[in-house]
Structure formats: C-alpha cells, structure tokens
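Chemist: Can you read through this structure? Questions will come right after.
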Amino acid sequence: MTLHVHKYGGTSVGTADKIQNVAKKLVGEKKTTGNDLVVVVSAMSGETNRMTDLAKTMQQVPSAKQMDVLLSTGEQVTIALLCMALEELGQAAVSYTGGQVKIITDDAHSKARIEEIHTANVQADLQGGKIVVVAGFQGVTEDGAITTLGRGGSDTTAVALAAALKADECRIYTDVDGVYTTDPRVEPKARRLDKITFEEMLEMASLGSKILQIRSVEFAGKYNVPLRVLSTFVEGDGTLITYEDEDEGMEKALISGIAFNRDEAKVTLAGVPDMPGVASAILQPISAANIEIDMIVQNIAEDKTTDFTFTVHRNDYEKTMQILQDICNQLGAEKVSGDDKIVKVSIVGVGMRSHAGIASQMFTALAEEGINIRMISTSEIKISVVVDEKYLELAVRTLHESFGLSAE
C-alpha cells in the first residue's frame, strides 16, 4: 500500500471553508488511489501571531516554556476541525497532538529538535482505514513537557513522520504550485521546476527562498524522503525534490535557480593588525551575542594590516556595529564602517560541478548592467554576490535571462 504524508500550512487551512476543501481533497485521493494518508497541519493563518501578541500583554518577555504550551494550541484547533470535516464526508479519521503521537524532542523550548517518533498507534489507525491527522510544529520531552520546533516547524514534523513511517512521498501543500527558478514577483518569466535536488533546494532555502524550512530539507535529504511541493488551490504535479542520481536528466541543468536575500547588512573593521588570533578576537564576541555571520572577506595590505568584512542579518546590524566599536578600540584598528542597504543574490545548480566559466558568465552579465559586486562567496554548487539593494531586481532578472531560466 502506498503511504503519503501531506502537510498543509496556515494559508491552506486559514478558514473553515479552506479546511473543508482540504478534507474533500483528502477524501478524493483516498477513494481514487486507496493511498494511506497521514496529514500534518499548521495553525490557521494569523493564529500564531495573535497568540504571541496576547502573551506579551501578560509578560513583557514571555517564558519560552509557557509560549510552547500556548502556541501548540493553534495546531490542536486545526486537527480537530479537519477531523470533523472528514467525518462529515463519511471518512474515518483520528487526530493526534505531537504528544499523543509521542514525537519526542529535546528540551530546547521554542526551537526543539526531534529525537524519536513512536509510530505504532499511527500505523494501527492506518491499517484500520483511517486518515491520521497530526498537529505539526510540536512535540514533547521525555518527561512530557510540550515543546515547539520553531517557526515553520510543521514542515519538519511532516518530513520526520514520513521518514519514521517509511512513506513513499511527503507532499508539502502551500499557496504556490512548486519551486520556481526565482521569485515570480521579481521575475514574471520565472518557471516552475519539475525536479530539483536536495542539495540545490537546501542552498536555495538557506539563501533566501521561503518555500521550505531549511531543517525539513536537511531531514528529507538525510533520510532520503522524496519531497513534493504543490499548491492547495491549483491542480498540478508541483516540484519533486530528490537525489541527483535518480534522474540522469537532472545533470543537464546548468543553473536551477536564482535566490536572493534582502535582509543583509555588511560591516567592516579596517586597519586591523595582521597577526594570529585576530579573526577569533573579532568574531567571538559577535558569536557570543548570538549573531549569525554569513559571508567573510579579509584583505591584507602591504603595511601588515587587514580589513575584515562580514555580513549579518539586517536586524543585527546596529548591535554588531556597537560590538565592533569596542573591538576596534581593543585591537587598535583604524575604524568601523557598515552598510545596511545591501542584498545577496545567488545562482544555484549542481551543473556547476562539471562546467567551467559559470562565475565569469555571472560577473560579466552583472557588469554589463553596471552592477558593482561588493562581496563574493562560492561553494561547489552556488555562487553568491553582495550588491547594493537598489540593484536587486535588475540583478535577478539579468542573471535569470543570462542563464536561460525564463519560461518559453
């Protein structure tokens, strides 16, 4: 028997009508294919924000443990309503919270990681012909404390359940009909990809694509769970995320997509003494402040000093500048400067492994449009550049055209 795990996000179950439409879709698949179905759902759209605002009226900095108790109720509402809708259509269904399934996590409240999933009860219900509806985003510790997996964690719940149940496919239903070569709102000629590799999807997710949570892609790749991204509202095959060697045709794609991130800021510590331990002296206080660092560039001058430049999330810009000013004084550096009006644009594709000249083509295309590159970072299957924010859309459209990604 084929087993599919479905996941529906907040926009897909945002109203009573939408929940009923999901129920009809599930009953239709069950009758047409006979597939066993496990359904993971998020809270109805807006609920998490509403409860977060409510919590802040009670406590200025809400307790992470109590926030997990509060926020987990959003998914509990959805699983109950969906089961009601399924039963109204004559389909037997059963709802489970994360704790009832026994999705065991560590005790890192608000950002817990899944350690184990007990599947016996779910498998018994599937054998009984029921559709199993599970609350996403949540689990419990060994001692029963409610935890949540972080924003977007329902994707991770779905993939983890698919892995534990050895599902044939995990289907992520959302408000878009698949993974596109870039954001269609920036480049209307963007086209939907039929397939993309785990590696490429992971890079695109980490570089700014918001379609899938990074952790869910990592989990799917680790346990070889085929992922498919589809629209709840538009019929279609969506985009299959799988391994490269499962389809030789995938090797023909030179570049699969253009990703971008608007939330970038660049900081520079100039005139730093060029000596061992300086990089650590700069980055350790930044890390201690829980600020994530992305791209790093170091330039050494003839006078035995170096300029140390790195990027951080734009929300951390002011805090980073303050920390760097203290470091500047301690190291005897010349000055601290920064820029929070930059963006990162990246090309991603497994085809880079076997083709030369990709970087040259990228830089030439940008130069011809007068776009100056401020920083460069590369990996085996991606090249990222930092450019001025005002050039974001032009850069994306230029690269999309240069690498032949436009819909025909």
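The values are calculated or read from the model by the stated rules, or taken from the named source; none is laboratory data. If you're wondering where the values come from, they're calculated on a predicted model, not measured in any experiment. Don't worry about glycine lacking a Cβ; one is built from the backbone with ideal geometry, like all the others, and counts go over all protein chains shown.
Chemist: For the stretch 9-30, how many residues are in contact (Cβ under 8 Å) with a residue 40 or more places away in the chain and closer than 16 Å to ALA93 by Cα? Please lay out each step first, then the result.
Modeler: Taking the stretch 9-30 and keeping what is in contact (Cβ under 8 Å) with a residue 40 or more places away in the chain, we get 9, 11-13, 16, 18-27, 30.
Filter once more, so that each one left must be closer than 16 Å to ALA93 by Cα: 19-27, 30.
Residues that pass the stated criteria total 10.
Chemist: Does at least one position in the stretch 67-78 carry a residue that is touching a strand residue (DSSP E or B) at 6+ places or on another chain (Cβ under 7 Å) and small (Gly, Ala, Ser)?
Modeler: Keep residues of the stretch 67-78 that are touching a strand residue (DSSP E or B) at 6+ places or on another chain (Cβ under 7 Å), which gives 68-69, 71-72, 75-76, 78.
Checking the rest, the ones that are also small (Gly, Ala, Ser) come to 72.
Yes: one or more hits.
Chemist: Looking at (1) surrounded by 20 or more Cβ atoms within 10 Å (Cβ to Cβ); (2) without any contact (Cβ under 8 Å) to a residue 60 or more places away in the chain, which is the only condition SER346 fails?
Modeler: For SER346, the failing item is (2).
Chemist: Looking only at the stretch 10-50, how many residues end up being over 26 Å from GLY139 (Cβ atoms), assigned to a loop (DSSP other than H, G, I, E, B) and small (Gly, Ala, Ser)?
Modeler: Keep residues of the stretch 10-50 that are over 26 Å from GLY139 (Cβ atoms), which gives 15-17, 20-21, 24-25, 27-34.
Okay, now just the ones that are also assigned to a loop (DSSP other than H, G, I, E, B), so 15, 34.
Checking which are small (Gly, Ala, Ser) leaves us with 34.
Residues flagged as over 26 Å from GLY139 (Cβ atoms), assigned to a loop (DSSP other than H, G, I, E, B) and small (Gly, Ala, Ser) within the stretch 10-50 amount to 1.
Chemist: Could you check, for the stretch 97-114, whether at least one of its residues is charged (D, E, K, R) and assigned to a helix (DSSP H, G or I)? Steps first, answer last, please.
Modeler: Initial filter on the stretch 97-114 (charged (D, E, K, R)): 102, 106-107, 111, 113.
Now drop any that are not assigned to a helix (DSSP H, G or I), which leaves none.
So far as the stretch 97-114 goes, no, none of its residues is charged (D, E, K, R) and assigned to a helix (DSSP H, G or I).
Chemist: Any residue that is at pLDDT 90 or above, out of contact with any strand residue (DSSP E or B) (no Cβ under 7 Å at 6 or more places or on another chain) and not aromatic (Phe, Trp, Tyr) - is there at least one of those in the stretch 158-169? Give the steps one after another, and end with the answer.
Modeler: Step one: of the stretch 158-169, the residues at pLDDT 90 or above are 158-169.
So of that shortlist, the ones also out of contact with any strand residue (DSSP E or B) (no Cβ under 7 Å at 6 or more places or on another chain) come out as 163, 166.
So of that shortlist, the ones also not aromatic (Phe, Trp, Tyr) come out as 163, 166.
Within the stretch 158-169, one or more residues are at pLDDT 90 or above, out of contact with any strand residue (DSSP E or B) (no Cβ under 7 Å at 6 or more places or on another chain) and not aromatic (Phe, Trp, Tyr).
Chemist: Further, regarding this structure: Could you check the stretch 138-223 for strands (runs of 3 or more DSSP E) lying wholly inside it with 1 or more residues that are over 30 Å from VAL396 (Cα atoms)? First the steps, then the outcome.
Modeler: On the way: elements: 138-140, 146-148, 169-174, 195-197.
Those strands (runs of 3 or more DSSP E) span 138-140, 146-148, 169-174.
Chemist: Considering each residue of the stretch 370-388, count those that are loosely packed, with under 14 Cβ neighbours inside 10 Å and in contact (Cβ under 8 Å) with a residue 24 or more places away in the chain, and give that number.
Modeler: 2
Chemist: If I ask for residues that are surrounded by fewer than 24 Cβ atoms within 10 Å (Cβ to Cβ) and in contact with a Ser or Thr (Cβ under 7 Å, 6 or more places away or on another chain), which ones from the stretch 142-164 would you list?
Modeler: Going residue by residue through the stretch 142-164, those that are surrounded by fewer than 24 Cβ atoms within 10 Å (Cβ to Cβ) are 142-146, 150-152, 163-164.
Answer for the stretch 142-164, where residues must be surrounded by fewer than 24 Cβ atoms within 10 Å (Cβ to Cβ) and in contact with a Ser or Thr (Cβ under 7 Å, 6 or more places away or on another chain): ILE146, GLY150, ALA164.
Chemist: For the stretch 174-189, what are the residues that are hydroxyl-bearing (Ser, Thr, Tyr) and touching a strand residue (DSSP E or B) at 6+ places or on another chain (Cβ under 6 Å)?
Modeler: Within the stretch 174-189, TYR180, THR181, THR182 meet the criteria.
Chemist: Report, by residue number, each residue of the stretch 2-39 that is in contact with a strand residue (DSSP E or B) (Cβ under 8 Å, 6 or more places away or on another chain), among the polar types (S, T, N, Q) and surrounded by fewer than 21 Cβ atoms within 10 Å (Cβ to Cβ).
Modeler: Across the stretch 2-39, the qualifying residues are THR2, THR11, ASN35.
Chemist: Before we move on, is LEU82 of a type in the set (A, V, I, L, M), surrounded by fewer than 13 Cβ atoms within 10 Å (Cβ to Cβ) and in contact with a helix residue (DSSP H, G or I) (Cβ under 9 Å, 6 or more places away or on another chain)? Talk me through it step by step, then tell me what you get.
Modeler: Details: of a type in the set (A, V, I, L, M): yes; surrounded by fewer than 13 Cβ atoms within 10 Å (Cβ to Cβ): no; in contact with a helix residue (DSSP H, G or I) (Cβ under 9 Å, 6 or more places away or on another chain): yes.
So LEU82 fails the test.
Yes/no per residue for (1) free of Cβ contacts under 8 Å to residues at least 40 places away in the same chain; (2) crowded, with 19+ Cβ neighbours inside 10 Å; (3) within 26 Å of ALA85 (Cβ to Cβ):
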site: GLN127; (1), (2), (3): yes, no, yes
site: ARG192; (1), (2), (3): no, no, no
site: ILE196; (1), (2), (3): no, yes, no
site: ALA205; (1), (2), (3): yes, yes, no
site: ASN224; (1), (2), (3): yes, no, no
